[in-house]
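Below is one structure, written out as structure tokens; the observations come after it.
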Amino acid sequence: MRMDARIMVTGGTGQIGSELTLELRKRYGNENVLALGHSRKPTGDLLENGPFEKADIRDRERLETLIEEYEIDTVYHLAAVLSGVGEKDPQFAWNLNVNGIINVLEIARKRNIKVFWPSSIAVFGNNCPQDNTPQDTALQPTTMYGVTKVAGELLCDYYHRKYGVDVRSVRYPGIVSAETMPGGGTTDYAIAIFYGAVRNNHYTCFVREDTVLPMMYMPDCINAAIDIMKAPAESINTRLGYNLNGTSFSAGDLAKLVAERSPGFRIEYKPDYRQAIADSWPNSMDDSLASKDWGWKVEWGLDRMADDMFARLRKRKADGHL
Ligand code: NAD
Ligand code: AKB
């Protein structure tokens with residue numbers, strides 16, 4: 001990406017967007033990165049060190065006006081509803097997620113804008129290999145969120161083939177982070193367990209102890225988004241999402257790790273509707289194509305991630321922010 005890139009991050013106050021915006025501002029200059037928010041009010045650096053605007057991603061006219069006003073040439077489109085919330089109102093999930101990506105792609109086509117759009121492990125369903133899930137396999141998700149991600153991948157591929165839009169995508173696993181609370185996904189337990197340990201040394205987990213999913217720590221998630229956008233166009237061999245694995249562990253393994261760092265920690269397992277969603281997703285993914293095409297490499301393992309989560313959350317508690 002050019003050093004003078006003008007970037008918009010939709011979903012800029014969300015779990016990923018809030019941290020991605022600050023990292024992009026560090027790399028490309030505060031004034032060059034516009035965070036777009038909706039219902040959540042931004043605080044701290046996100047609001048103070050660079051531009052912030054409010055917009056509904058379904059309002060194409062407003063989106064295009066902002067893109068023109070700020071002379072945007074690159075959009076990281078993160079605004080979406082996630083799997084847990086999506087299952088409560090599937091039509092809303094379809095409306096927001098699919099119209100959001102169509103609006104971004106339509107403007108990208110007209111204005112020659114480069115796009116990053118994250119897909120998810122949610123594109124997979126029960127009928128594909130659960131271990132080391134291949135890049136190319138059946139995509140038959142069981143959630144509306146997954147349906148919107150498959151539709152989004154196909155739209156990205158279509159806009160690239162038909163109009164030459166330079167859109168790039170990855171299939172993220174569950175993202176773990178300590179700065180902004182997650183927005184209502186199935187993998188949220190892998191974050192909530194740390195909050196529970198730091199707040200009152202207790203957590204009630206909404207999936208079974210033996211549930212295994214791939215997860216990734218936020219610094220790897222951010223590097224992946226920025227690295228795939230920096231890669232030469234000729235090295236991008238799929239405009240569907242690239243599988244990205246991170247590290248896979250069970251809820252029980254995670255609980256043990258938390259207990260080692262927080263003596264006396266108590267956990268109960270009370271699976272709810274999200275268990276079936278978790279069971280339909282891969283245990284791990286084959287992400288060798290991403291490594292081969294644009295050098296993807298995971299940096300953060302489970303122990304290092306757990307140490308960092310505790311350090312950050314304990315600091316936030318000591319500062320009175322938790
Ligand atoms: P999040 O729920 O934390 O943030 C989503 C953001 O979208 C919020 O800031 C919200 O205000 C905004 N939003 C909601 N409705 C809007 C509207 N009508 N107009 C404009 N903005 C609106 O989500 P996240 O975890 O940061 O995820 C970002 C992207 O990454 C999503 O596409 C998600 O599917 C994908 N993803 C996330 C994970 C993960 O574990 N966090 C994993 C795989 C893929
Ligand atoms: C969710 O659980 O919905 C997200 C995801 C894996 O896409 N975290």
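Check whether at least one residue in the range 37-51 is more than 8 Å from ligand 1 (Cβ to nearest atom), under 19 Å from residue 105 (Cα atoms) and without any contact (Cβ under 8 Å) to a residue 60 or more places away in the chain, and report yes or no. If you could, list the steps in order and put the result at the bottom.
Just the residues of the range 37-51 that are more than 8 Å from ligand 1 (Cβ to nearest atom), to begin with: 41-51.
Going one step further and asking which of them are under 19 Å from residue 105 (Cα atoms), we end up with none.
For the range 37-51, residues more than 8 Å from ligand 1 (Cβ to nearest atom), under 19 Å from residue 105 (Cα atoms) and without any contact (Cβ under 8 Å) to a residue 60 or more places away in the chain: absent.
Please pick out the residue among 32, 97 that is surrounded by fewer than 24 Cβ atoms within 10 Å (Cβ to Cβ) and over 29 Å from residue 173 (Cβ atoms).
32
Every residue, every condition in (1) over 20 Å from residue 289 (Cα atoms); (2) more than 13 Å from ligand 2 (Cβ to nearest atom); (3) in contact with a helix residue (DSSP H, G or I) (Cβ under 8 Å, 6 or more places away or on another chain), yes or no:
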residue	(1), (2), (3)
116	no, yes, yes
121	no, no, no
154	no, yes, no
172	no, no, yes
179	yes, yes, yes
186	yes, no, yes
194	yes, yes, yes
200	yes, yes, no
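Residue 126 passes all but one of (1) open to solvent by less than 30 Å² (accessible area, probe 1.4 Å); (2) more than 9 Å from ligand 1 (Cβ to nearest atom); (3) in contact with a helix residue (DSSP H, G or I) (Cβ under 8 Å, 6 or more places away or on another chain); which number fails?
All conditions are met except number (1).
Whether any residue in the range 265-278 is among the hydroxyl-bearing types (Ser, Thr, Tyr) and within 21 Å of residue 170 (Cα to Cα) is what I want to check.
So in the range 265-278, the residues among the hydroxyl-bearing types (Ser, Thr, Tyr) come out as 269, 273.
Pick out the ones that are also within 21 Å of residue 170 (Cα to Cα) and you get none.
There is no residue in the range 265-278 that is among the hydroxyl-bearing types (Ser, Thr, Tyr) and within 21 Å of residue 170 (Cα to Cα).
State all residues of the range 105-147 that are in a helix (DSSP H, G or I) and touching a Pro at 6+ places or on another chain (Cβ under 9 Å); if no residue qualifies, say none. Before the answer, list the steps.
Kept after step one, since they are in a helix (DSSP H, G or I), are these residues of the range 105-147: 105-111, 121-123, 144-147.
121, 122, 123, 144, 145, 147 - these are the residues of the range 105-147 that are in a helix (DSSP H, G or I) and touching a Pro at 6+ places or on another chain (Cβ under 9 Å).
Tally the residues that are open to solvent by less than 10 Å² (accessible area, probe 1.4 Å) and modelled with pLDDT of 95 or more, restricting the search to the range 1-17.
6
Out of (1) out of contact with any Phe, Trp or Tyr (no Cβ under 8 Å at 6 or more places or on another chain); (2) farther than 20 Å from residue 242 by Cβ; (3) more than 9 Å from ligand 1 (Cβ to nearest atom); (4) hydroxyl-bearing (Ser, Thr, Tyr), the odd one out for residue 159 is which?
Of everything listed in (1) out of contact with any Phe, Trp or Tyr (no Cβ under 8 Å at 6 or more places or on another chain); (2) farther than 20 Å from residue 242 by Cβ; (3) more than 9 Å from ligand 1 (Cβ to nearest atom); (4) hydroxyl-bearing (Ser, Thr, Tyr), residue 159 misses just condition (2).
Rundown of residues vs (1) open to solvent by less than 10 Å² (accessible area, probe 1.4 Å); (2) in the same structural domain as residue 83 (by TED's automatic domain parsing); (3) at pLDDT 95 or above; (4) assigned to a strand (DSSP E or B), yes/no style:
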{"position": "194", "(1), (2), (3), (4)": "yes, no, yes, no"}
{"position": "199", "(1), (2), (3), (4)": "no, no, yes, no"}
{"position": "204", "(1), (2), (3), (4)": "no, no, yes, yes"}
{"position": "207", "(1), (2), (3), (4)": "yes, no, yes, no"}
{"position": "210", "(1), (2), (3), (4)": "no, no, yes, no"}
{"position": "223", "(1), (2), (3), (4)": "no, yes, yes, no"}
{"position": "234", "(1), (2), (3), (4)": "no, no, yes, no"}
{"position": "237", "(1), (2), (3), (4)": "no, no, yes, no"}
{"position": "240", "(1), (2), (3), (4)": "no, no, yes, no"}
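Is one or more of the residues making up the range 263-274 in a helix (DSSP H, G or I) and surrounded by fewer than 16 Cβ atoms within 10 Å (Cβ to Cβ)? Quick ask: steps written out before the conclusion?
Initially, the range 263-274 is screened for residues in a helix (DSSP H, G or I), giving 274.
Checking the rest, the ones that are also surrounded by fewer than 16 Cβ atoms within 10 Å (Cβ to Cβ) come to none.
No - not one qualifying residue is present in the range 263-274.
The values are calculated or read from the model by the stated rules, or taken from the named source; none is laboratory data. Source: prediction; values computed, not measured. As a convention, Cβ positions derive from the backbone with ideal geometry for all residues, glycine included, and neighbour counts pool all protein chains shown. Just the protein is used for accessible areas: all its heavy atoms, side chains included, with ligands, DNA and RNA removed. Shrake-Rupley method; radii C 1.70, N 1.55, O 1.52, S 1.80 Å.
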